[in-house]
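The values are calculated or read from the model by the stated rules, or taken from the named source; none is laboratory data. Bear in mind that the values here come from a model prediction, so they are computed numbers and not experimental data. So basically every Cβ, Gly included, is an ideal-geometry build from the backbone, and we count neighbours across all protein chains shown. Just so you know, the surface numbers come from the protein's heavy atoms only, side chains and all, with ligands and any DNA or RNA stripped out. Shrake-Rupley method; radii C 1.70, N 1.55, O 1.52, S 1.80 Å.
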Amino acid sequence: MTWVASRGPKQEESERDRRDTPEKIKGPSCSGGRKKKRAKSPRAPPRRNRVAFQSVSPSPPPAMSPTPAKTPAKPRPSKRILESYTIKGSDGVISPGDAVLMKAPDSSKRPYVARVEEIEATGPRGSNVRVKVRWYYRPEESMGGRRPFHGSKEVFLSDHQDVQSADTIECKCNVYSFKEYTKLDAVNAEDYFCRFDYKSITGSFVPDRIAVFCKCEMPYNPDDLMIQCDDCSDWFHPACIGKTIKEAKKLENFSCESCAAENEKKVESPHESTGQSDEKVESKRRRR
């Protein structure tokens, strides 16, 4: 309880009136003689100010809102890592590390190529199966686009990873190394090859340099016919040596212009050393 003092206005007015009112003195008596002053009546002492005490009741504390009850957290679905998975509608079985073809959102486009990194099953009885994949990019899907030395079945292993439903897998495919691909007797529709790793953010390739051939100094495209020189073992495109593909296939022996010039010099001066020709062979195959 709080107590406060207040001064009323009536007391103030009464005091002011008493201060302004002069004292009344009675005159002498009629009987004569010395005038006697009547003793002044003592002034009544001023009243003390009244102090009023007012009780102030404290305001009640604000009503506390009831604490909402915590909703129980939903239990996370249990996840199991699978070692293999049988593709729906097919007898193919995939495992981590296998390459697969996945359906594109647009049915008019070719399926995507991906490498399976992990297979997981969630939901009741593992009915929901998802695969963590690492995408292969086709040359036209990269920043630099397709170039003349890129093969029609060439893909780049990117650093782009994603999680997709296993229902989007069409079938299993094969992604060979460049050396393995060039040794195939026949190339099927599900066969691809990869010789570059691709950084999807920067658009860079690993390795960033490979061997080049021919006078055009281009990397080897396994889809194109090339002729090997019998002397220096370098490879040339028929168009770069002025021949058609039909003419190039009929050649039994072939020497490039540099080796043909060296052979003529050997015939004219057989006693000279052939060390210069070996140096030229090494200079043809440089990396860029």
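Here are the numbers for this structure:
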quantity	calculated
Cα shape, the stretch 120-212, gyration tensor, a/c 1.5 rule	oblate
Summed residue charge, Cβ within 12 Å of K199's Cβ, Lys/Arg positive, Asp/Glu negative	-3
Cross-link pairs K103/K183; K109/K179; K153/K183; K153/K179; K132/K172 - those with Cα-Cα distance over 22 Å	K103/K183; K109/K179
Per-residue ³J(HN,Hα) for the stretch 91-101, Karplus 6.51 cos²θ - 1.76 cosθ + 1.60, θ = phi - 60°, Hz, x for Gly and Pro	8, x, 10, 10, 9, x, x, 7, 9, 9, 9
Heavy-atom accessible area order for F213, F236, largest first, 1.4 Å probe	F213, F236
